[in-house]
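Report on the following structure.
Readers should treat all values here as calculations from the given coordinates under stated rules, not as data from a laboratory. What you see is a predicted model; the values in this text were computed from it and never measured. Every residue, glycine as well, gets a Cβ built from its backbone with ideal geometry; the counts of neighbours run over all protein chains shown.
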Amino acid sequence: MTTPTTPVDLSGSDVDAVLSAYRGLALKETRALRRRQGAPQHAPRLEEAQVYWSLLDVAAVLRGDLAVGLKALDDARREAGVEPAGSSVPAPVKPEEMTAADRDVLDRATHLAITVAEDLRNLGGAAILKNTFGGAKSITGAVLDVLEKVGVVLRQVFDATTLGTVPPKELRSGFVLSATLPAGFVALASGIPGKVPCIRVRPGAVRTGDPKQAAKELVPALLHEASHVLPTLSTLDLAYRDTVAFRLLPLTFRPANAAHFEQAAIEMLELPGSLLTGLDRKVSFSGADDLDPAALSAVDRAAAILQVRVVRAWVYSFRLSGSGISRVTDEPRALFDDVAGAPLGNIPWSLRQEIYDDLFEGAAALMRILKDEKVPGENASGALAALRTEAGTAKSAPTISAASIVDRTIDRMLADLNAAGRLAFPDALRRLIQGCHRLESKALGDALGAHFEAWGARP
Ligand SMILES: [Zn+2]
């Protein structure tokens, strides 16, 4: 539950923006309370709170009625059997200490990852690189450059690893064991310019009982993460391996996409998940040549566009969320606010943080839906199913473009999440997803914008 429990200081704030922020959070919470397991059928306090927040206007806020609304929300919580906000403090997660045995596993994994990066750069890796990145000279040059730097960074990260207790956030360099990585992450890198980066690793990935196997399985993740924290030209997450977008990503973007390096490592080690296993080595997993958009269905193109957009919105909202690990400077924050728009406005920091957290929660839910996983407690059958439905509806109007399938799908997913009490600010998240390329560097942002447009234009 993320509604602040007390009204913020309104002086110097944009009262309209403050009101929409509170309203969004409060109504989200009432919807979440309604669908709680065991919530009472008849809930007069909840209905009162919903009506109150729907009708609250700026004049009332200036009169001090925010406090009344927050009290109404507290009554609704109590009626639903929820502890009043702020009364229960979650137990702190005990930081994992790095043991000598853990470091040995990471030592082995680092060695293997550096060897894999070197092998990929040499003749042995040529076929894999061609399959993964295509054969163009300029692209191969960029890929070899990343692989070279990855080896250097991984060595630095391992050398900076210390045994024992985890240092405070801002002092972290080297490998650190962390049980609180976002779901599905084996490792997660963060870096501050001029400092050796930190790579947090899930303890379960290190302590498998089979150090050799653990090292092998860690290697693709280490290559992926190290490629994010290079001194220059680091990679991004444009498309994860388990998505349509990964297979359809145009060649020019692949040297900038971490998961393509992860894939190359998997192919090199011939691990499960290799798309080449059992195939003739000459067969490419996604075509070493760029795919002709005309050869793809509008649904496939829409899925690919949607996944890249959502991943980028997720990454940016993660950085600004409370779970983010790197301190965000003012400049990217201002750009983010500009792209996400209302209700960010001029509002106090504590409230703004709640909005960032909400956008991240919504984007994370979209990521799960896009992987066709069900969102816990919901009947969402997956965005790709929704896409297909959109395409089905579109049969009567065969000229519907991929871009409008994307728009309709985003609208549908956001409306579902909002109705389920999992997202307070659907409009802000929609703007963020649609404008995500504006958050990138100019060259990449322009290229992505042009790509979305070209792939979206066709029916
Ligand atoms: Zn990544």
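List of remarks:
- Highest-first packing order for the peptide set 125-134, 450-459, 257-266 is 257-266, 125-134, 450-459, based on the mean count of other beta carbon atoms within 10 Å.
- Calculated diffusion of region 100-290, Stokes-Einstein form, Kirkwood radius summed over Cα pairs, 20 °C and 1.002 mPa s, µm²/s: 128 µm²/s
- Within region 172-274, all pairs of alpha-carbon atoms sorted by distance into 5 Å bins from zero give the percentages 2, 13, 21, 23, 22, 13, 6, 1, 0.
- Rounded to 10°, Cα long-axis angle of helix 383-393 versus longest principal axis of the chain: 80 degrees
- Karplus (6.51, -1.76, 1.60) ³J(HN,Hα), θ = phi - 60°, over region 121-128, in Hz, Gly and Pro reported as x: 6, 8, 3, x, x, 4, 5, 5
- For region 32-39, 3J(HN,Hα) per residue [Karplus equation, 6.51 cos²θ - 1.76 cosθ + 1.60, θ = phi - 60°, Hz, x = Gly/Pro]: 5, 5, 5, 9, 5, 5, x, 5
- For region 130-204, taking Cα atoms only, Rg and Dmax work out to 15.3, 47 Å respectively.
- Tilt relative to the chain, helix 349-370 - C-alpha long axis, 0 to 90 degrees, to 10: 60 degrees
- Helix 44-55 axis versus longest C-alpha principal axis of the chain: approximately 80°, rounded to the nearest ten.
- With contacts taken as Cα pairs under 8 Å at a separation of at least 6 residues, the chain carries a relative contact order of 16 percent.
- Taking label points 7 Å from Cα along the Cα-to-Cβ direction, I192 and A101 give a separation of 3.3 nm.
- Footprinting exposure proxy ranking of W349, W314, fewest other C-beta atoms within 10 angstrom first, gives W349, W314.
- Local electrostatic count, D145, Cβ distance below 15 Å [Lys/Arg +1, Asp/Glu -1]: +2
- FRET efficiency, R155 to K442 (Cβ-Cβ, R0 30 Å, nearest 0.05): 0.40
- Helical content of the chain, expressed as a calculated mean residue ellipticity at 222 nm, amounts to -18000 deg cm²/dmol (DSSP H runs of 4 or more residues, -39,500 (n - 2.57) each, divided by residue number, nearest 500).
- For region 214-220, the Karplus equation 6.51 cos²θ - 1.76 cosθ + 1.60, evaluated at θ = phi - 60°, returns couplings of 4, 4, 4, 6, 6, 3, x Hz by residue, with Gly and Pro reported as x.
- Across region 15-79, the volume of the C-alpha convex hull divided among the residues equals 62 Å³ per residue.
- Between the amide H of G174 and those of C198, I199, distances stay under 5 Å, these residues lying 5 or more places away or on another chain, with hydrogens modeled in the peptide plane.
- Convex hull volume of the C-alpha atoms in the chain, normalised per residue: 166 Å³.
- Whole-percent pair-distance distribution, where bins are 10 Å wide, for the alpha carbons of region 1-156: 9, 24, 14, 8, 14, 23, 8, 0
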